[in-house]
Amino acid sequence: MTRKTGLIGHPVSHSLSPVIHTHWLQQYRIDGTYTAIDIAPDDLSTRVRALVDDGYVGFNVTLPHKEEIAFLCDDLDDTAQAVGAVNTVTIDNRGRLHGHNTDVDGFINHLKSSVPDFHLSGKHAVVLGAGGAARAVLYALLREDFEWITLINRTRERAVAVANDLDDDGRVLIVDWEKRGGALADTDLLVNTTSLGMTGQAPLDMDVGGLSPNAVVYDIVYRPLMTPLLQQAKMRGNTIVTGLGMLLHQARPAFDAWYGVMPHVDDELESIVMERLVGS
Ligand code: ATR
């Protein structure tokens, strides 16, 4: 029987996830489908129930549903519970919903594979943003034993709330958004999790002049692939990490959870996705 999966969000038409999962379904000759499904916030509960009734085995979750969907799940795995956001749901044969968060591993695995010489333990990071993506990134860095992490968000209270939820041992320092340029000395890793720099959004207005030449700069925005932040960092000689890898790496465990195969990110998939990005 065809095993149906998909992505729920609002909007979802721009998503690259259907391209990624459909590629793997074909590559591993699995009888399945992956469809983008636009669900407005008010309809979330009814439409999710309809997916269960329709025999779906699971789905990914994107903006703006990542936090709300957690309340509709029957249980959450430890990571989703700790992060407070769900990006992958599996549905068992009794119609029960299980929430997972694969953004955490997607972020960190991509960092490790892109910059293998970068040892994470004992380092200092600056994280910009305080949304669902920032929660996943912060959780991952705390788990990897970063010594301290500076969290900077336009709305300071949101950053405080994230730190309160995730920081058990006082390793997160909050800095005001206006002071972001001055917070970069001694930073080993700068991560942008805000939507600034994304196509259609303002660029991230940040002077990275205070950053050490050895620092790694990671932007989780992948449209465009080379955001103004990454262009600036690359020109200074910093190692950069684009957001595309996180997208690909968070998809792998989701596919495994639904179809029982841990897929690979091969050159063919990367070039298919790059082509889509350039063409869009
Ligand atoms: P996600 O779950 O993908 O992280 P989100 O919850 O909408 O998405 O978070 C978007 C992030 O981008 C937030 O940190 C937001 O800052 P606020 O908490 O102050 O809203 C940040 N952001 C969006 N537009 C911004 C802007 N113009 N200037 C500064 N930060 C911005």
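Where a number appears in this text, it was derived from the coordinates with a stated rule and is not lab data. Values in this document were obtained by computation on a predicted structure and should not be read as measured data. When we count neighbours, we look across all protein chains shown, and the Cβ atoms used for this are built from the backbone with ideal geometry, even at glycine.
Provide 100, 124, 14 in ascending order of the number of other Cβ atoms located within 10 Å of each residue's Cβ, fewest first.
The order, fewest Cβ neighbours first, is 14, 124, 100.
Which FRET efficiency value, to the nearest 0.05, do you get for residue 168 and residue 119 by plugging their Cβ-Cβ distance into 1/(1 + (r/R0)^6) with R0 = 22 Å?
0.45
Out of the stretch 36-105, which trypsin sites (Lys or Arg not before Pro) are coil in DSSP terms and have no more than 12 other C-beta atoms within 10 Å?
94, 96
Which residues among the stretch 204-228 fall inside the zone where the amide N is under 20 Å from a point 7 Å beyond the Cα of residue 179, along Cα→Cβ?
205-212, by backbone N distance to the label point.
Would you mind putting 149-159, 77-87, 203-213 in packing order, based on average other-beta-carbon counts within 10 Å, highest first?
So the peptides 149-159, 77-87, 203-213, ranked by packing, come out 77-87, 149-159, 203-213.
Beyond 31 Å, what percent of the Cα pairs of the chain remain?
Pairs farther apart than 31 Å: 26 percent.
Once the convex hull of the alpha carbons of the stretch 104-242 is built, what does its volume come to per residue, in cubic angstrom?
Looking at the stretch 104-242, the number lands at 96 Å³ per residue.
Sort 48, 57 by Cβ crowding within 10 Å, fewest neighbours at the top.
With the fewest neighbours first, 48, 57 line up as 57, 48.
Counting helices only, and only those DSSP H runs with n ≥ 4, report the 222 nm mean residue ellipticity of the chain as the sum of -39,500 (n - 2.57) divided by its residues, in deg cm²/dmol to the nearest 500.
-11000 deg cm²/dmol
Treat the count of other C-beta atoms within 10 Å as a stand-in for reagent exposure and order 10, 264, 249 from fewest to most.
Ordered by Cβ neighbours within 10 Å, fewest first: 264, 10, 249.
Based on C-alpha coordinates, I'd like the Rg and Dmax of the stretch 17-164, in Å.
Reported Rg and Dmax, both Å: 17.2, 48.
When the Kirkwood hydrodynamic radius is evaluated over all pairs of different C-alpha atoms of the stretch 176-280, what value in angstrom, to one decimal, is obtained?
Mean inverse Cα-Cα distance, inverted, gives 15.2 Å.
Starting from the Cα gyration tensor of the stretch 48-130, multiply each eigenvalue by 5, take the square root, and state the resulting semi-axes largest first in whole Å.
31, 13, 11
Can you compute the radius of gyration and Dmax for the stretch 230-280, using only the Cα atoms, both in Å?
That works out to 14.1, 43 Å for Rg and Dmax.
Say a paramagnetic label sat at a point 7 Å from the Cα of residue 261, along Cα to Cβ; which residues of the stretch 1-41 have their backbone N under 13 Å from it?
Residues passing the 13 Å test: 3, 21-33.
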